[in-house]
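> First, the structure itself, so that you have it in front of you.
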Amino acid sequence: MRSFSSISLRLSKRFCIILSASVLLLAVLFVLVVRSVIRSEQKKELLFACQTILDSAPNFDFEPLPFYVSYLVCDLNGNVLATNDPFLPVLPDSRGRVKKFVQKGFFTDGDLAILYFSLEQNEMTAICAISLDGGVEERLFSGLPLAILFAIFPIIAFSFLLSFFLTRRVLRPVGELAKSAERISSSNLGELLPVRGTGDELDEIAIAFNALFARLKSDFERERQFTSDVSHELKTPVAVILGQANLLLRWGKDDPAQLQKSLESIRKEARSMQAITANLLQLSRLENSRVEIKKEETDILKLLFRIQNEFSTIAPNLKIKIDGNATANTDSELLHQVLTAVVSNSVKYAGESCEIFAFAEKNGDDVLISLTDNGDGFPEDAINKVFDRFFRADEAHSRTGGSGLGLAISRAIVRSLGGEIRAENADGGGARIIIKIPA
């Protein structure tokens, strides 16, 4: 894969530069450390020599110094009192450090180049020096820059080859992940990235992306189903409206009875479409957290009695029994919409003469609200689907039973309130909806 090779090449170059710079820096640091150690030893040696000479004054009778150490002792006026090198000049005070002194053309055949250290005691100054000409350490230091320069080129070549090999080896699993990712699209989200089982960071990335693809696949399938359901739901009212309109255009407009019937049918289907689109809009806002939640202290029993009073005119034969006692800090209007949808669902499937037992209680930090009807209950294969969009357990209600969005909206509302909602069948028969919201 071309992009993978280019990435490997770029990383190899960077690694080569970093490695070469690191080697060069280490070499320089090594030279500086060695030089510092040598200077420290030279200072100790010169200091010892100066101290030995001054301690032997005024006769200057001391053990012989190493052959490579030159010394000179002078008074405060610069008069030489003792020396083993007549060519060693009186030098400035070194101020407690080893100093380098170079004078061009000092000798007829060369320059004077020395390291010296001076020490003052009893109005005398001792100067001890070491010649730099021909010193092993000086030759070493002078040749090191050239040696490092020649050594850096094979180091660069070796580091480039090593880094290229290492980066290709390290990035090979990344390349496999990239190739697998290129093959994945919205049509085959079920294909997963390879997990090698090593437990390293690449495996963690692959596992995370596989989980992401699984969620995307679920979302895509839900949206496809949603689009299909919307098309199916809107297809019938659109077909009815077009059929009635064509009927009116051909001859129905001249028949007052048919005209009235067609207009009523068109209005009914238009209202159905309006309800579907309004519910879809609300559901979209709820799922995208664009609905403002206005929480207030809400008496759940008062809310249930309000539902009972409202349905007394809609379904006069409906009986709602209310028990329990609980309050919750929640959005009362949104919770009212949820309870209305649940009771409407019971009326729709259990009949207008059904009985509903509503119970509310405090359970720890939550409030539980259960509504149980005396109908036939949910089909076992439908319990986990009753909150899906456009789902109807009884297809016979497909034209008279609403849009199939009531419980889906209820679930979205309850989730936006920070709670949960579930469906089950009661032990004695009938359907039960349980709502749990924070108290």
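The values are calculated or read from the model by the stated rules, or taken from the named source; none is laboratory data. The structure displayed is predicted, hence computed values, not measured ones. Note that we place each Cβ from the backbone using ideal geometry, even for glycine, and neighbour counts take in every protein chain shown. The protein model used for the area step is the full one, side chains on, heavy atoms only, and it has no ligands, DNA or RNA in it. Shrake-Rupley method; radii C 1.70, N 1.55, O 1.52, S 1.80 Å.
> Residue check, G78 against (1) loosely packed, with under 12 Cβ neighbours inside 10 Å; (2) at negative phi, all met but one. Which one?
The single condition G78 does not satisfy is (2).
> Right, here's the next one. Give me the pairs: first residue in the stretch 355-369 and touching a residue at least 12 places away in the same chain (Cβ under 8 Å), second residue open to solvent by 60 Å² or more (accessible area, probe 1.4 Å) and small (G, A, S), beta-carbon distance under 9 Å, and six or more apart or on different chains, which are they?
Pairs that qualify, where the first residue is touching a residue at least 12 places away in the same chain (Cβ under 8 Å) and the partner is open to solvent by 60 Å² or more (accessible area, probe 1.4 Å) and small (G, A, S): there are none.
> Restricting to the stretch 416-428, what's the tally of residues that are touching a residue at least 40 places away in the same chain (Cβ under 8 Å) and open to solvent by 30 Å² or more (accessible area, probe 1.4 Å)?
Step one: list which residues in the stretch 416-428 are touching a residue at least 40 places away in the same chain (Cβ under 8 Å), which gives 416-417, 419, 421, 423-426.
Filter once more, so that each one left must be open to solvent by 30 Å² or more (accessible area, probe 1.4 Å): 416, 424-425.
Of the residues in that region, 3 qualify.
> In addition: L81 versus (1) within 20 Å of S36 (Cα to Cα); (2) touching a residue at least 24 places away in the same chain (Cβ under 8 Å); (3) part of a strand (DSSP E or B): which is the lone unmet condition?
(1)
> Before we move on, is S262 modelled with pLDDT of 80 or more, of a type outside the set (D, E, K, R), under 30 Å from A245 (Cβ atoms) and touching a helix residue (DSSP H, G or I) at 6+ places or on another chain (Cβ under 8 Å)?
yes
> Could you figure out which of (1) part of a helix (DSSP H, G or I); (2) modelled with pLDDT of 90 or more; (3) under 45 Å from the mean Cα position of the chain (by Cα) isn't true of K302?
So the condition that K302 fails would be (3).
> Using the structure shown, decide if T236 is at pLDDT below 75, more than 30 Å from R271 (Cβ to Cβ) and open to solvent by 40 Å² or more (accessible area, probe 1.4 Å).
Against the criterion (at pLDDT below 75, more than 30 Å from R271 (Cβ to Cβ) and open to solvent by 40 Å² or more (accessible area, probe 1.4 Å)), T236 does not qualify.
Matching residues to (1) among the charged types (D, E, K, R); (2) modelled with pLDDT of 60 or more; (3) open to solvent by 60 Å² or more (accessible area, probe 1.4 Å):
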site: V136; (1), (2), (3): no, no, yes
site: A147; (1), (2), (3): no, yes, no
site: F150; (1), (2), (3): no, yes, yes
site: S159; (1), (2), (3): no, yes, no
site: L177; (1), (2), (3): no, yes, no
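> Follow-up question, since we're still on this one. Answer yes or no: is there a residue in the stretch 396-408 that is modelled with pLDDT of 85 or more and within 27 Å of N325 (Cβ to Cβ). Lay out the reasoning, then the answer.
Residues of the stretch 396-408 modelled with pLDDT of 85 or more: none.
Among the residues of the stretch 396-408, not one is modelled with pLDDT of 85 or more and within 27 Å of N325 (Cβ to Cβ), which makes the answer no.
> Here are some residues: K104, K99. Which one is within 22 Å of S36 (Cα to Cα) and of a type in the set (K, R)? Before the answer, list the steps.
Numbers: K104 fails: within 22 Å of S36 (Cα to Cα).
Result of the check over K104, K99: K99.
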